[in-house]
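Here the structure comes first, spelled out in structure tokens, and everything after it is commentary.
The values are calculated or read from the model by the stated rules, or taken from the named source; none is laboratory data. Quantities reported herein were computed from a predicted structural model and do not represent experimental measurements. Cβ placement follows ideal geometry from the backbone for every residue including glycine, while neighbour counts extend to all protein chains displayed. Only protein heavy atoms, including side chains, enter the accessible area calculation; ligands, DNA and RNA are left aside. Shrake-Rupley method; radii C 1.70, N 1.55, O 1.52, S 1.80 Å.
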Amino acid sequence: MLPRFGTSKLCDNAIVVLLGASIVAWFDGGFLTRWLSLAPARVLHGEVWRLATWPVIERSPLQLILTCAAIYKFGSELAVRWGDARLRRFVLEIVVASGVTACVLAIAAQRGQLVRFGGWAVSDALVIAWARQFPGRSVVLYGLLVLRGRDLIAVTVGVTVLFALAFGPVAMGPELSACILASTYARSRLRG
């Protein structure tokens, strides 16, 4: 059963911000994307807000739908269990740590001009946290595949690793980092 809007103010607001920022970014000639995206070279020059703002813009309508769906389904259920403050802290920790990791990887690989944005890392973190919080619950993907707890984590990490093999670990740094961080997040902090 899907949660209803209004279950979590945090998730409702996150969806509205993601939709609004993404739609504006589609029509503003790149202005919003240039200011909010994760750009390691810019972060090193003091634009540290980028460590937290990079997930709020999706350039693809399909990815926008998938990210909103992840926030709606997994984020809302976690918010009911944890409360909005705890969920906000979890997501912010994952987003900032993933951003820092991605910047370090990009600088180390001499790809400091790399620019990243999008909520894939947030989606991965929410799915993994949900699977760890509710290991007995099932998720049905496309009406074909039923996944529970550990299997859902393995599939989420596996898909991200597959994309990292295709596009490179530096390009997929935020997503790989989010998967690792969410998978290893202290179990005591996940209990609701």
TODO: Please work out how much length the chain gains when fully extended from residue 138 to residue 62, using 0.36 nm per residue of separation minus the C-alpha to C-alpha distance, in nm with one decimal.
DONE: 25.0 nm
TODO: First select every other residue whose beta carbon is under 14 angstrom from the beta carbon of residue 43; then total the charges, Lys and Arg +1, Asp and Glu -1.
DONE: +4
Open item on the list: Can you classify segment 126-182 as rounded, prolate or oblate using the Cα gyration tensor, where a ≥ b ≥ c are the square roots of its eigenvalues, rounded means a/c under 1.5, and otherwise it's prolate if a/b beats b/c and oblate if not?
Closed with: oblate
Task: Check: segment 1-141 dipole with +1 on Lys, Arg Cβ and -1 on Asp, Glu Cβ, in debye - done: 200 debye
Open item on the list: Keeping all protein chains in the complex and leaving out DNA, RNA and ligands, what accessible area do you get for residue 132 with a 1.4 Å probe, in Å² to the nearest 10?
Closed with: 40 Å²
- [ ] Assuming R0 = 22 Å, can you tell me the calculated FRET efficiency for the pair residue 16 and residue 92, based on Cβ-Cβ distance, to the nearest 0.05?
- [x] 0.80
Task: the chain: angle of helix 120-133 to the longest principal axis, Cα-based, in degrees nearest 10 - done: 30 degrees
Open item on the list: As I understand it, the value is the acute angle between the Cα axis of helix 149-167 and the longest principal axis of the Cα atoms of the chain; what does it come to in degrees, rounded to 10?
Closed with: 20 degrees
TODO: Determine the principal axes of the Cα atoms in segment 24-114, then give the extent along each, sorted from largest to smallest and rounded to whole angstroms.
DONE: 41, 29, 20
- [ ] Determine the principal axes of the Cα atoms in segment 1-153, then give the extent along each, sorted from largest to smallest and rounded to whole angstroms.
- [x] 45, 33, 32
- [ ] Quick one: Debye curve from the alpha-carbon atoms of segment 94-192 only, equal weights, vacuum; give me log10 I(q)/I(0) at q = 0.13, 0.18, 0.19, 0.23 Å⁻¹ to two decimals.
- [x] -0.47, -0.83, -0.90, -1.16
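For a Förster distance of 30 Å, can you work out the FRET efficiency between the beta-carbons of residue 85 and residue 24, rounded to the nearest 0.05? Working shown, then result.
Working: r = 28 Å, r/R0 = 0.93.
FRET efficiency, residue 85 to residue 24: 0.60.
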